[in-house]
1. State all residues of the range 115-139 that are more than 32 Å from the chain's Cα centre (by Cα) and in a loop (DSSP other than H, G, I, E, B); if no residue qualifies, say none.
2. Being of a type in the set (S, T, N, Q) and either exposed (fewer than 13 other Cβ atoms within 10 Å of the Cβ) or modelled with pLDDT of 85 or more (or both) is the filter here; which residues of the range 103-154 pass it?
3. Got at least one residue in the range 91-103 being part of a helix (DSSP H, G or I), assigned by TED's automatic domain parsing to the domain that holds Pro65 and of a type in the set (A, V, I, L, M)?
4. Report the residue count in the range 167-190 for those that are closer than 14 Å to Ser275 by Cβ and surrounded by 20 or more Cβ atoms within 10 Å (Cβ to Cβ).
5. Return yes or no: is Val48 modelled with pLDDT of 90 or more, among the hydrophobic types (A, V, I, L, M, F, W, C) and closer than 21 Å to Glu337 by Cα?
6. Could you give every pair whose Cβ atoms fall below 6 Å, whose first residue belongs to the range 47-71 and is of a type in the set (Val, Ile, Thr), and whose second residue is in a loop (DSSP other than H, G, I, E, B), counting only separations of at least 6 or pairs across chains?
7. Condition first: surrounded by 16 or more Cβ atoms within 10 Å (Cβ to Cβ) and under 38 Å from the mean Cα position of the chain (by Cα). Now tell me which residues in the range 49-75 satisfy that.
8. Exactly one of (1) modelled with pLDDT of 85 or more; (2) surrounded by 17 or more Cβ atoms within 10 Å (Cβ to Cβ); (3) under 19 Å from Thr185 (Cα atoms); (4) out of contact with any Lys or Arg (no Cβ under 8 Å at 6 or more places or on another chain) is unmet by Leu233. Its number?
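The values are calculated or read from the model by the stated rules, or taken from the named source; none is laboratory data. Every value quoted in this text rests on a predicted model; they were computed, and no experiment measured them. No Cβ is skipped: glycine too gets one built from the backbone with ideal geometry, and neighbour counts run over all protein chains shown.
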Amino acid sequence: MATLAPPSASPVSVRPPRVRALRVLVVDDEAQARRALAAQLMERGFEVLTAEDGDAAAALVEASPVDVMVADYEMPGTRGTELVQRVKAARAGIEVVVIADASHAHDAARCIDDGAFLFLLRPLPSADALAAVVSRAGEKKRASERALLLDRKVGLESPKLDVIATSRGMRLAVDAAFGAAQLRTPILLTGEPGTGRQLLARAVHQRSARADHPFVLVRSGLVASDARDDDWLGEAAGGTLFLEEVGELTASLQARLVDVIASGLPDVRVMASSSADLKRQVDAGTFRHDLYYRLNVVVVRIPSLRRRKDDIPVLAYHLLQRSSQRLGRSVRRISAEALRMLRGYDWPGNVRELEAVIERAVALAASDSILPGDLDQVQDGPEPPEAAPDGAPMSTALQLPAGFDLLPFAEAKKRVVDAFEKAYSSAVLGRSGGNIAEAAQLSGLDRSNFRRILKRQAVTPRKARPGRPDDS
């Protein structure tokens, strides 16, 4: 009869499971060559099976989970191309390395078109080099399997996901933000536009004691200079007020925000985001130092997507599922090559750009998988500069913000206007030799308005040319 261990018994230590060794099938009709290859691979840690012909190989592949097959190209009754097609049909994920004599090099190369990983010519490379080829083939197979599993994983977990954090940098950011969720202390989320600052702020709100109260989003750059704060402060009572791009608040609203944080009235938890360097704005006099120090208590920096590429596969599958549901498509997978392209791209528009790329790929996909050809936005290089109508090259002084076309219209317009103001005021100042009065006259603006643009865009006049005082 089975007995239970007493409560005082020492716990049994459990080791984490080890990664299974790659299982390799060696196929060669020559027994000596077959045994030699098998011995070399077993010495290097592989689990090895052998077969003397194509029929035996196909039977083993059907009966056993083989990762990589190393097969002779020329065997009685079965050529390499036929064997590749046969085992791929039996087990789609298997990777195949074909070995051929130099006389069959051209024919063996065709195996690549049938899905072989690589073909090697005799004499074979060293045993270590062969083992490296087999390891790469096995890693490709496992990467493909992980990609296929992601859609299943995301399908199970996506209703619960609000912030996806696989990479170390993103996990640290999420842990820091969630660790402060129950506090009343302001949280400042920094990082590039499109990194998910608003999403993280909402997730923090949901995990706080204020989750049953409103989460009010205020886009600071769109608040008029004469606007009152009473409406959105009242709307956020008991909840969270999230100020997006807080550095763009007007001076009067900055002063009011200091009072709100200091007094605690009304009962509102303040969170803010900024893609700009607020300390630099403090030094330039465009952001209040007292507000900066009140916000700079819990600071969470969200890394750009190019610095958290481990998150890209899970993010891509999460966005794939969401786009497929929204567009009514049955696209469920991303090929291994397409995932590699997504990981290799720098994503200037961050997660927002990834979302747009995935949605376009879902809309255009011709099958149930996103393939490299569906990701033209990721592989296209920059457009060549346009020419002016008279043939002269157009000025490149105005650089539009990266990913601006992925932003909401009002936000995109503001960023483009900012870029224009900075480029225009700098160019006009250059024409005037740094003389603000003359630059204002050239622009058609009065001096005070021109000065405000210079201050807002942090444009510093260069020293005026000799004999022309800077009438500032």
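1. Arg122, Pro123, Leu124, Pro125, Ser126
2. Within the range 103-154, Ser103, Ser126, Ser135 qualify.
3. yes
4. Within the range 167-190, residues that are closer than 14 Å to Ser275 by Cβ and surrounded by 20 or more Cβ atoms within 10 Å (Cβ to Cβ) number 2.
5. No, not satisfied.
6. Hits for this filter: Val61/Arg91; Val66/Ile94.
7. Answer for the range 49-75, where residues must be surrounded by 16 or more Cβ atoms within 10 Å (Cβ to Cβ) and under 38 Å from the mean Cα position of the chain (by Cα): Val61, Val66, Asp67, Val68, Met69, Val70.
8. It is condition (1) that Leu233 fails.
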